[in-house]
Amino acid sequence: DVVMLATPEIGRLPYVVSGLVAAGGLAAALSTADGLLLTTSNALVRDLHCQDLAPEMTGEQRVILTKFALMGVALLAALVASLKPAEILPLVAASFSLAASTFVPALVLGIFWSGTTRSGAVAGMSVGLGLTIYYMLANAASVRATFGLAGPGPQWFGILPVCAGVFGVAAGTAAAVLVSMLHAARGAPPTQVGR
């Protein structure tokens, strides 16, 4: 951040340029946060509430409920940010590991392998997410202290906990393939993902 803001001054440009660079960075951060908040709240209302609990809702009711969900998600994010559980870079890296281990096996297999079934995709997502969370928690100092475990956590092949998605993607892919093949071997009709 400091390098980006100091670059115009190092180049002996007017202070206005430094202000414009700072405004551009702030606008990019706010735009990203806004997009993520809108996506999260819309997904919560559409996928969790409207399809399962109240499928007869009108479009206007969905929009109103989405606005309340957006406020709730924003307040929850502000609460977590105020607690400062860790630096921002490890949190971002951990979130990408969690997302990759959960979604990559189902997405890639659903697109490129016609034998993927719904149960295989769910199994792959569950195994990938579970393994990644286990690896991160097993290496977290606070969790180890809570359970009275001394020393560093079990780092497999020297991989840092924020990079646990490596194991989650591999395990999730294997689980999705195995469950899909078992499901197909039982003679169940293929319920393909993404088609």
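The values are calculated or read from the model by the stated rules, or taken from the named source; none is laboratory data. Just so it is clear, the model here is predicted, and its values are computed rather than measured. Cβ sites come from the backbone with ideal geometry, for glycine too, and all protein chains shown count toward neighbours. Just so you know, the surface numbers come from the protein's heavy atoms only, side chains and all, with ligands and any DNA or RNA stripped out. Shrake-Rupley method; radii C 1.70, N 1.55, O 1.52, S 1.80 Å.
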- Of (1) modelled with pLDDT of 85 or more; (2) surrounded by fewer than 16 Cβ atoms within 10 Å (Cβ to Cβ); (3) among the hydrophobic types (A, V, I, L, M, F, W, C), LEU70 satisfies all except one. Which? (2)
- Task: Given the conditions (1) in contact with a Cys (Cβ under 6 Å, 6 or more places away or on another chain); (2) of a type in the set (A, V, I, L, M); (3) closer than 22 Å to ILE88 by Cα, report the number of the one that MET57 does not fulfil.
- Result: (3)
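Run down ALA86, ALA93 and say which single residue is modelled with pLDDT under 90 and not in a helix (DSSP H, G or I). Before the answer, list the steps.
Numbers: ALA93 fails: not in a helix (DSSP H, G or I).
Criteria check complete, one pass: ALA86.
Out of VAL63, VAL45, VAL80, I need the residue that is hydrophobic (A, V, I, L, M, F, W, C), in a helix (DSSP H, G or I), under 30 Å from ALA141 (Cβ atoms) and open to solvent by less than 100 Å² (accessible area, probe 1.4 Å). Which one?
Numbers: VAL63 fails: under 30 Å from ALA141 (Cβ atoms); VAL45 fails: under 30 Å from ALA141 (Cβ atoms).
From the options VAL63, VAL45, VAL80, the qualifying one is VAL80.
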- Query: If we scan the stretch 130-148, do we find a residue that is in a loop (DSSP other than H, G, I, E, B) and free of Cβ contacts under 8 Å to residues at least 12 places away in the same chain?
  - Reply: yes
- Item | Options SER114, SER101: the member that is of a type in the set (S, T, N, Q) and within 18 Å of GLY168 (Cβ to Cβ) | SER101
- Residue, most open to solvent (accessible area, probe 1.4 Å), within the stretch 107-135, restricted to residues that are of a type in the set (S, T, N, Q) and more than 15 Å from the chain's Cα centre (by Cα): SER114
